[in-house]
Amino acid sequence: MSTTESGSDREFAGRDTTRKRLLRAVAAQTAALSAAVHLLWAWPRLVEPADARPYVFLLGGVFTVAIAAATLRADEYRRLYALGAGTLAAFLVGYAWWHGGGTAAALASDPLAIVGKGAEVVGVVAFLALYRLAPPTSVVVERVKEAGSEATGGEPTDGEATDGEPTDGEDQSPRA
């Protein structure tokens with residue numbers, strides 16, 4: 001029995017189960033949609049130097065796209081999913097904070113905001129579900145190590161010399 005099948009890893013299904021693939025797709029799409037809404041809102045307002053929101057929204061949109069891409073490509077790290085949920089939740093809370101008591105009226109009068117806030121709610125739920133289904137980081141790191149050693153067939157990995165010469169990651173100082 002390998003270490004990926006032992007202990008706490010038994011309760012966590014692999015990264016490519018149908019449920020996790022669907023949740024990753026939903027989380028990434030809602031994050032990208034939220035980013036697009038923020039970029040669409042911010043772009044025409046960049047010429048207004050007195051308002052910092054367009055610049056914050058541009059940065060937030062780019063950051064959210066990076067989270068969406070990482071959600072699709074990276075291993076299942078709980079920290080990534082928490083970051084995705086937190087970013088989308090920050091957009092939701094920020095909107096409510098900015099508009100205060102008039103949040104419902106502001107939301108009702110702006111179709112772009114309705115789309116963005118709806119995507120953010122669904123995205124937060126999807127990221128939190130991924131967080132709950134993901135194994136602890138230590139299990140994922142162990143899976144990656146095992147996959148790397150199996151792929152190389154026991155050959156040296158990064159940082160190990162293959163012919164007595166140090167690799168880029170090794171200290172090249174003389175040895176005693």
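The values are calculated or read from the model by the stated rules, or taken from the named source; none is laboratory data. Because the structure is a prediction, the values reported are computed rather than measured. Don't worry about glycine lacking a Cβ; one is built from the backbone with ideal geometry, like all the others, and counts go over all protein chains shown. Just the protein is used for accessible areas: all its heavy atoms, side chains included, with ligands, DNA and RNA removed. Shrake-Rupley method; radii C 1.70, N 1.55, O 1.52, S 1.80 Å.
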Criterion first (farther than 16 Å from W41 by Cα, within 9 Å of the chain's Cα centre (by Cα) and modelled with pLDDT under 95) does A68 satisfy it? no
Among the numbered criteria (1) in a helix (DSSP H, G or I); (2) of a type in the set (V, I, T); (3) modelled with pLDDT under 95, which one does V47 miss? (1)
For region 143-150, check the following and say yes or no: at least one residue is within 18 Å of the chain's Cα centre (by Cα), surrounded by 15 or more Cβ atoms within 10 Å (Cβ to Cβ) and of a type outside the set (S, T, Y). no
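From the list L40, L46, L58, which one is of a type outside the set (K, R) and open to solvent by 80 Å² or more (accessible area, probe 1.4 Å)? Reasoning before the result, please.
Details: L46 fails: open to solvent by 80 Å² or more (accessible area, probe 1.4 Å); L58 fails: open to solvent by 80 Å² or more (accessible area, probe 1.4 Å).
The match here is L40.
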Which members of region 72-109 meet the condition of being within 21 Å of W41 (Cβ to Cβ) and crowded, with 16+ Cβ neighbours inside 10 Å? G84, T87, L88, A89, F91, L92, Y95, L107
Somewhere in region 24-41, is a residue closer than 27 Å to E150 by Cβ, under 23 Å from the mean Cα position of the chain (by Cα), modelled with pLDDT of 90 or more and not in a loop (DSSP other than H, G, I, E, B)? yes
Scan (1) among the β-branched types (V, I, T); (2) in contact (Cβ under 8 Å) with a residue 12 or more places away in the chain; (3) under 15 Å from R24 (Cβ atoms) for the single condition V115 breaks and write down its number. (3)
Test each condition in (1) open to solvent by 50 Å² or more (accessible area, probe 1.4 Å); (2) modelled with pLDDT of 70 or more; (3) farther than 21 Å from S34 by Cβ for D163 and report the one that comes out false. (2)
Hits in region 126-138 (condition: assigned to a helix (DSSP H, G or I), modelled with pLDDT under 90 and crowded, with 18+ Cβ neighbours inside 10 Å): none
